[in-house]
Every structure is written in structure tokens, then in C-alpha cells.
Amino acid sequence: MNPTYILIPLISAFIGYFTNWIAIKMLFHPRTPWRFPGFTIQGIFPKRQQQFAEKLGKLVSNELLSFGEIEQKITSVENLKKIMPVVDAHVDDFLRHRLSDTFPVLSMFIGEKTINQLKGFFMAELESLFPTLMKNYMKNLQSQLDLEKIVTEKVAGFSSDKLEDILKAIMAREFRFVEILGGVLGFLIGILQVLMTILLG
């Protein structure tokens, strides 16, 4: 068998693997622009880091972590019921111990029945107050905390090394798959070239 027939698929596989490896490298490198007459070369992510940060900031604030959803969770009946036992215990401790420590004379006129009545009144008021209180708190927090701006500034401020490390940690297997796929496709194209050469004489 002609040795060329073996070399062609191997060389094609190497070229396919190498070009995909270069393409992945060029996502991150060069980090600073290389300027040539008429054109400039720079890695895609370093070049577009600001736009990437802005898009991610909008995604986080609008889709992933909206204040509306957080407010619904915090003010939901189920979540409020979870904290009421803690509030109940705190009110009970206040009426039975701290109130008597502060006003010992007053505590002499407050019996078990009065304590239970006061606690029931306080708990009812607090249960109706909490949803409004939390909604107002979330509105104030939203006006003070700009999630989109925070995420945008954080991501835009990442060093190129850190950004590359983060993306590689997330997509390492996918990058590796693309490199191997380039080699496999190159090998298959090489075999096809050999078959065409043989068939065409």
C-alpha cells in the first residue's frame, strides 16, 4: 500500500485537531490587541468583555434574580408561617420575663390570661403587618441595590486570566470535545480523499 494513503488521513486529522485548538485559544488570546497594517487581532472574550458583562448583568437582573420573584417568595403565606413560631416565642418571652424585669409592679397585675390575650393581639397585628413591611423593605432594597450594575461592573472588572479560568471550568469538556471532533472529521476527510484518489486512478 502506498504510504501516502496512510499519511493523508493522519495529516488531515492533525490539521482538523490543530485548527480547532487554535480557534478555542483565540477565544481568549491574544488578551491585548495585536495591531497590523489594516487589521487587529484580539481574543473574542477580551475584546467583548464589556458587552459580555452588560448582557450577563441584564440576564441576572431580569431573568435569574428578579426582585419581583424574591418579594413573592418572602411575602408568601407559607414563608411567613415558617417565621411566626420564632416571633411567637419572642413575644411570649417578652411578656413573661423582660416586661416583668422592666416593670415589676405592672407584672403583678398581668396574669396568664392577660398574657395570652396580649400575645394573641400582638401576633395578629404582626401577621398582618409583615407582608406590608417586607414589601416596603424590598422596594427600598431594589432602589438601593442595582443588580444589573453590580454584575456588569464585577464581570467587566475580571482580569482576562480569571475570565478564562471561569469559562474553561464551565466548558472544559465541551472545548475538549470540539478539539477531538476536529481531529475525527479531519481523519474522515483524509480517508475520503484517499478513496477518491484511488477511484479516480
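The values are calculated or read from the model by the stated rules, or taken from the named source; none is laboratory data. This structure is a prediction, so every number in the text was calculated from the model and none was measured. Positions of Cβ are generated from backbone atoms using ideal geometry, with glycine treated the same way; all protein chains shown enter the neighbour counts.
Tally the residues that are in a helix (DSSP H, G or I), more than 16 Å from the chain's Cα centre (by Cα) and hydroxyl-bearing (Ser, Thr, Tyr), restricting the search to the stretch 146-196.
1
Can you find, within the stretch 65-97, the residue that is surrounded by the fewest Cβ atoms within 10 Å (Cβ to Cβ) among those that are acidic (Asp, Glu) and closer than 17 Å to residue 130 by Cβ?
So, considering only residues that are acidic (Asp, Glu) and closer than 17 Å to residue 130 by Cβ, the one surrounded by the fewest Cβ atoms within 10 Å (Cβ to Cβ) is 78.
How many of the residues in the stretch 72-96 are over 20 Å from residue 112 (Cβ atoms) and of a type in the set (Asp, Glu)?
1
Which members of the stretch 31-58 meet the condition of being in contact with a helix residue (DSSP H, G or I) (Cβ under 8 Å, 6 or more places away or on another chain) and not small (Gly, Ala, Ser)?
Correct list: 31, 32, 33, 45, 46, 49, 50, 52, 54, 56, 58.
Collect the residues in the stretch 1-48 that are farther than 17 Å from residue 190 by Cβ, buried (at least 16 other Cβ atoms within 10 Å of the Cβ) and more than 32 Å from the chain's Cα centre (by Cα), keeping them in residue-number order.
None; the set is empty.
What helices (runs of 4 or more DSSP H) lie completely within the stretch 22-92 and have 2 or more residues being closer than 18 Å to residue 160 by Cα?
44-47, 49-59
Step by step: first the residues of the stretch 98-113, then only those that are modelled with pLDDT of 75 or more and part of a loop (DSSP other than H, G, I, E, B), then the one that is surrounded by the most Cβ atoms within 10 Å (Cβ to Cβ). Which residue is that?
110
So, residue 198, is that one within 21 Å of residue 13 (Cβ to Cβ) and modelled with pLDDT under 85 or not?
Against the criterion (within 21 Å of residue 13 (Cβ to Cβ) and modelled with pLDDT under 85), residue 198 qualifies.
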